[in-house]
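Below is one structure, written out as structure tokens; the observations come after it.
Nothing in this text is a laboratory measurement; each read-out follows from the coordinates by a stated rule. Worth saying up front: this structure is predicted, and the values here are computed from it rather than measured. Glycine gets a Cβ as well: all are built from the backbone with ideal geometry, and neighbour counts include every protein chain shown.
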Amino acid sequence: MDKIIVSSCILGNNTKYNGGNNYNPLVERLKEKYIIIPICPEVMGGLGIPRIPSERINDRVINKNGDDVTNNYLLGLDKVLKLIENEEIKYAVLKDGSPSCGSKYIYDGTFTGNKIHGMGITAEGLSKLGIKIITEKEIEEIL
């Protein structure tokens, strides 16, 4: 079976910034076809659960308190890349909107719920490796 990266929160793990998850029942079908490699770049980068919400502004990630947490996000990406360095990965199913995992949109950095076209730090890094980023709404495309 091929291996696939999946955001931990989509798998039902409580890794979301508020301590919740974004479980999508379609992941059960993914488990039948792929070996799942769960990731949460925020947690892997040293941020806790729950954590202060963060949004990407250009090349930086700033939390709602105004603290620059970019290094945590870059560390999370680095750990994801090390985790998969000897793997052949074609797809990553990532939570859209996240400053790490967003691939179609991210929040605009104003913490007002405004969405803009853009990618999170990890999605961008994986995409540069040729890994196709799939949002949680596009899972059926790879089933």
FRET efficiency for MET1 and ILE52, Cβ-Cβ distance as r, R0 = 35 Å, nearest 0.05? 0.40
For mean projected area of the Cα convex hull in nm² the list reads [x] 8.8; [y] 8.1; [z] 7.7; the calculated value is entry [z]
Which one, ASN65, ASN24, ASN14, has the greatest fluctuation when you compute a Gaussian network model over the chain with C-alpha springs under 10 angstrom? ASN65
What distance in nm separates the simple spin-label points at ILE37 and LYS132, each placed 7 Å from Cα in the Cβ direction? 1.7 nm
Based on DSSP H runs of at least 4 residues, each adding -39500 (n - 2.57), what is the mean residue ellipticity at 222 nm of the chain after dividing by all its residues, to the nearest 500 deg cm²/dmol? -6500 deg cm²/dmol
How many angstrom lie between the C-alpha centres of the stretch 92-122 and the stretch 3-35? 17 Å
Taking loop as defined by DSSP and a crowding limit of 13 other beta carbons within 10 Å, which trypsin sites (Lys or Arg not before Pro) in the stretch 34-143 fit? LYS64
Hey, for a label at GLU141 modelled as a point 7 Å past Cα toward Cβ, could you say which residues of the stretch 10-28 have their backbone N under 19 Å away? 10-11, 24-28
Select from GLU124, GLU87, GLU42 the residue whose mean-square fluctuation is largest in a Gaussian network model of the chain (Cα-Cα springs shorter than 10 Å). GLU87
Compute a Gaussian network model of the chain, connecting alpha carbons closer than 10 Å, and tell me which residue from THR110, THR122, THR15 fluctuates the most. THR110
